[in-house]
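Values in this text are rule-based calculations from the coordinates and carry no lab data. If you're wondering where the values come from, they're calculated on a predicted model, not measured in any experiment. Cβ: placed from backbone, ideal geometry, glycine included. Neighbour counts: every protein chain shown.
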There are 2 protein chains.
Amino acid sequence: MHRGLGKGIAMAYADLTEGELESLQAQLQAEYGAVKAKGLALNMARGKPGADQLDLSLPMLAMLATADDCRAEDGTDCRNYGVLEGIPEARRLMAVLLDDTPENVIVGGNSSLTLMHDTIARFLDFGTLGSVPWAALDEVKWLCPVPGYDRHFAITEAFGLQNIPVPMTGEGPDMDAVEALAAADPAVKGIWCVPKYSNPGGVTYSDEVVRRLAALPAAAADFCIMWDNAYAVHHLSDDAAEQDTVLDIGEACRQAGNPDRYVKFASTSKVTLPGAGIAALAASPANIAEMKQRMAVATISGDKLNQLRHARFLQDAPGIAAHMARHAAILRPKFQLVDRKLAEGLAGVGECSWSKPRGGYFVSFDAPTGTAARAVQLAREAGVVMTGAGATWPGGCDPQDSNIRIAPTLPPLEELDAALDVFVLCVKLAYLEKLLDQK
Amino acid sequence: MHRGLGKGIAMAYADLTEGELESLQAQLQAEYGAVKAKGLALNMARGKPGADQLDLSLPMLAMLATADDCRAEDGTDCRNYGVLEGIPEARRLMAVLLDDTPENVIVGGNSSLTLMHDTIARFLDFGTLGSVPWAALDEVKWLCPVPGYDRHFAITEAFGLQNIPVPMTGEGPDMDAVEALAAADPAVKGIWCVPKYSNPGGVTYSDEVVRRLAALPAAAADFCIMWDNAYAVHHLSDDAAEQDTVLDIGEACRQAGNPDRYVKFASTSKVTLPGAGIAALAASPANIAEMKQRMAVATISGDKLNQLRHARFLQDAPGIAAHMARHAAILRPKFQLVDRKLAEGLAGVGECSWSKPRGGYFVSFDAPTGTAARAVQLAREAGVVMTGAGATWPGGCDPQDSNIRIAPTLPPLEELDAALDVFVLCVKLAYLEKLLDQK
């Protein structure tokens, strides 16, 4: 997934003399001064869709207008209380994103993050399927594939769990490490997973990784795979040959004899409208039954009118695919631009690499060791906001100070172009500072 | 609030001979048999608005259609991520329902019940403003004014708190009892309150009760008043002289030197559309700051498009009042019918009483001691579903087996009329059974 550019190419910074480095630094500092003077305000920090992507879902907004419009297919008046698990057409729709059957789906509110937070909270307060509430245990540990999603790590950290980083490979988490950690220690209760087009690396888990997760010889009987399939349908190409697929963790867990070990999550946040979408989870029948019982204490139901809007607008798997192809048409040029600008701007510099994802919302960039935080700081001071360096690690601490998440979706192409110029400049400057420090 | 009908009136059941009771029972059993044969399916169980009430908010649904429509007053594109605390116009709107300033308001999702559940969950997991997490304590007790709201009691029960019933008076909770319990025991951490048109009694707290709650000499420094102002604007009359008002608990707490002791909740569930409304809470600046920090782990924001719809549709306090007057016009005849049918049907029977609320969603009915569960069972078997007897008490256990919550809002008038006939009949039959058992 990562493409090294460095070592072999002429003029790699590491091969320059101190004098050459100083001369280059002076030249780039002059460029940087000129950039700062422009007073830019550009943002590549969060995975937010651009305005043109949001426009794709405008037809959904006014879709329901009359009382008749508000009837679900089973006759439910979606304007009134009721139906905890969601209306049938919304469960069917979300089952497509969750690769499951509608019976195993609960449609929640507007945020899969909330569903994940609340799932962990329930484990803490109540345990799961008869296990001891985790809050009653001396310690609970959680596996965090890195680089990974900062908001995942923040949930387990907030509840006092000990986040344990596990390296990502090009096929998913390093399963030797996961198996060793989970088998050795009953305090290890689960793992965060973004199985397709992972945040930020763009990695899709291989079949072997999924099967090994399902069959994990975990010491904790209530070990849970938190399966956040956030980018299930978020391909950058509408050519099926260019799209990743991932095994169903539910089926894999059943085959492995661990049928209750997973909870899957998805939302339409980056399908329709972030914050105004619908989120859902899927789990085994036993887990769903227990969750419904607990959820009934906290809510009557999600927003069924928004469920109905989504079901009518997106319809089914082909409807979703057609809609996502329109997103891809907007996003593809942005990801191509990122790759081109990085390749051109960093040609020969050395020690830089980045992902070339086939879907999702991010490019994972590895700067020379020990320079990521400085590069992000320089970019910010020049008016380009990046995700904080280290954010892709638990506690915000990347021991290599190398990984930077690039989120290219929000800015229009011309802004993205300008922001990438600044970013490349700052990566070089930070690297030069390091090399000169070492002289 | 309760009007006795019994003792003084001729032919009270308690004054009849065994023979007279048996003769009356035979006659009413014949009526009951005829009713059962009709195969009715009527429901007075939950506080759901009727379809004509839902129609009042239809103009809101298609209010946002274009990208320009989706801009908040501060320019925020409500279709994208962000703004945890809610858009300014939604905070201002909900501040009206919460009797507070917009700065102290956080707009959540579609359910105030969820906001309450999550508030209690945070107390358990994290404590509040530096206090010990309640989950770490040996026991936590919670005051539950009775009769009260079953879903409140279910939250504290689900988290393992010990619910302690406190009698309601015509002015709110019995404050002598509340003060004695809270002062004596640091394990008593809070109280559920529905301060206006309480569920089910229709009681509005007097100024003295609000001030005594605010000044409560609680042994627990982190004692919390959960102030669910669910019926803040839900009057049955649009004549201000016929509308109840309640002191602001926030102001009262500040005056009493306990500025952080309360959290207020409200929603538009029974203003616009249940399940498709917006919910909000208000609290002291210190509490709001802490809550925002914790909430940020669980969500990016509520549904800002739905916030914007609500703000544009309801506008402000006069806009809300005008809208609620339209609800009142629909609901008033239903509440009048309940009172008339009960008065006529139970005239002279004795030992029955009921509330005559000026707002809210319920009539609280007290059947002769020991007969409520039987009356509700008889009604159900005749096709009329009531809230379960005892539901208005913690654990579903009314020691008097007397209180029944009547929810007259959902059925159309003619169905309500028929359902009340059945209910009256079943109350009489259950009472007759009791009296004959005692002979």
Which lysines have a Cα less than 25 Å from the Cα of A:LYS439, not counting those fewer than 8 places away in the same chain?
A:LYS7, A:LYS428
Return the long-range amide H neighbours of B:ALA266 (sequence gap of 5 or more, or a different chain), with a cut-off of under 5 Å between placed amide H atoms.
B:ALA280
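Taking a threshold of 30 Å on the Cα-Cα distance, which of the pairs B:LYS196/B:LYS292; B:LYS356/B:LYS434; A:LYS196/B:LYS304; A:LYS141/B:LYS264; A:LYS189/A:LYS292; A:LYS264/B:LYS196 fall above it?
On the way: B:LYS196/B:LYS292 27 Å; B:LYS356/B:LYS434 26 Å; A:LYS196/B:LYS304 28 Å; A:LYS141/B:LYS264 36 Å; A:LYS189/A:LYS292 22 Å; A:LYS264/B:LYS196 42 Å.
As for pairs spanning more than 30 Å Cα to Cα, those are A:LYS141/B:LYS264; A:LYS264/B:LYS196.
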Sorting B:ILE191, A:ILE278 on the 10 Å Cβ count, fewest up front, what's the list?
B:ILE191, A:ILE278
Just tell me how shielded A:292-303 is by partners: mean number of partner chain Cβ atoms within 10 Å of each residue's Cβ, no decimals.
6
Among DSSP beta bridges whose residues both lie in the stretch B:146-288, state the antiparallel percentage, nearest 5.
40 percent
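Where does the charge balance sit around A:ASN43 when Lys and Arg score +1, Asp and Glu -1, over other residues with C-beta under 11 Å from its C-beta? Walk me through the intermediate numbers first.
Values: positive: A:ARG46, A:LYS48, A:ARG380; negative: A:GLU415.
Around A:ASN43, the surrounding residues sum to +2.
Going by how many other beta carbons lie within 10 Å of each one, how would you line up A:LYS334, B:LYS270, B:LYS356, B:LYS264, fewest first?
Details: A:LYS334 20, B:LYS270 23, B:LYS356 17, B:LYS264 27.
Neighbour counts put them in this order, fewest first: B:LYS356, A:LYS334, B:LYS270, B:LYS264.
Can you give the net charge of the other residues whose Cβ lies under 10 Å from the Cβ of B:ALA280, counting K and R as +1 and D and E as -1?
Details: positive: B:ARG91, B:LYS264; negative: B:GLU85, B:ASP100.
Its environment carries a net charge of 0.
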Between the stretch A:91-126 and the stretch A:45-87, what's the alpha-carbon centroid distance in Å?
18 Å
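Once the other residues with Cβ under 10 Å from the Cβ of B:LEU113 are scored (Lys, Arg +1; Asp, Glu -1), what is the net sum?
Working: positive: B:ARG151; negative: B:ASP118, B:ASP228.
Neighbourhood net charge equals -1.
Per residue of B:109-115, count partner chain C-beta atoms within 10 Å of its C-beta, then hand back the mean as an integer. Write down the numbers at each step before the final one.
Working: counts 8, 10, 8, 0, 4, 9, 1.
Counting other chains' Cβ atoms within 10 Å and averaging over B:109-115 gives 6.
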Quick one: Karplus J couplings for the stretch B:112-121, per residue in order, coefficients 6.51, -1.76, 1.60, θ = phi - 60°, nearest Hz, x for Gly and Pro?
5, 4, 5, 4, 5, 4, 5, 5, 4, 4
Summing -39500 (n - 2.57) over every DSSP H run of at least 4 in chain A, dividing by its residue total and rounding to the nearest 500, the 222 nm mean residue ellipticity is -13000 deg cm²/dmol
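What list do you get for A:SER284, B:SER269 if you sort them by fewest beta carbons within 10 Å?
Working: A:SER284 20, B:SER269 24.
By the 10 Å Cβ count, ascending, the order reads A:SER284, B:SER269.
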Need one number: nm distance between label points at B:GLU381 and B:ALA183, each 7 Å from Cα along Cα→Cβ, rounded to one decimal.
5.0 nm
Report the residue, chosen from B:GLU22, B:GLU157, B:GLU85, that carries the largest GNM mean-square fluctuation when chain B is represented by alpha-carbon nodes joined by springs under 10 Å.
B:GLU22
Normalise the Debye intensity by I(0) for the protein assembly as shown, one equal point scatterer per Cα, no solvent, then take log10 at q = 0.05, 0.09 Å⁻¹ and round to two decimals.
-0.33, -0.95
Would you kindly work out, in nm and rounded to one decimal, the distances from the label point of A:GLU73 to those of the same position in each other copy, ordered shortest first, with label points 7 Å along Cα-to-Cβ?
4.2
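Report the antiparallel proportion of the DSSP beta bridges in the protein assembly as shown as a percent, rounded to a multiple of 5.
Values: 38 of 80 bridges.
About 50 percent, rounded to the nearest 5.
For chain B, give me the percentage of DSSP beta bridges that are antiparallel, rounded to the nearest 5 percent. Numbers along the way, then the final one.
Details: 19 of 40 bridges.
Just about 50 percent of them are antiparallel.
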Could you give the distance between the Cα centres of the stretch B:294-332 and the stretch A:285-352, to the whole Å?
28 Å
Mind listing which GluC sites (Glu not before Pro) in the stretch B:161-230 are in a DSSP loop and have 16 or fewer other Cβ atoms within 10 Å?
B:GLU171
Once fully extended, how much extra length lies between B:ASP55 and B:GLN293, figured as 0.36 nm per residue of separation less the alpha-carbon to alpha-carbon distance?
81.9 nm
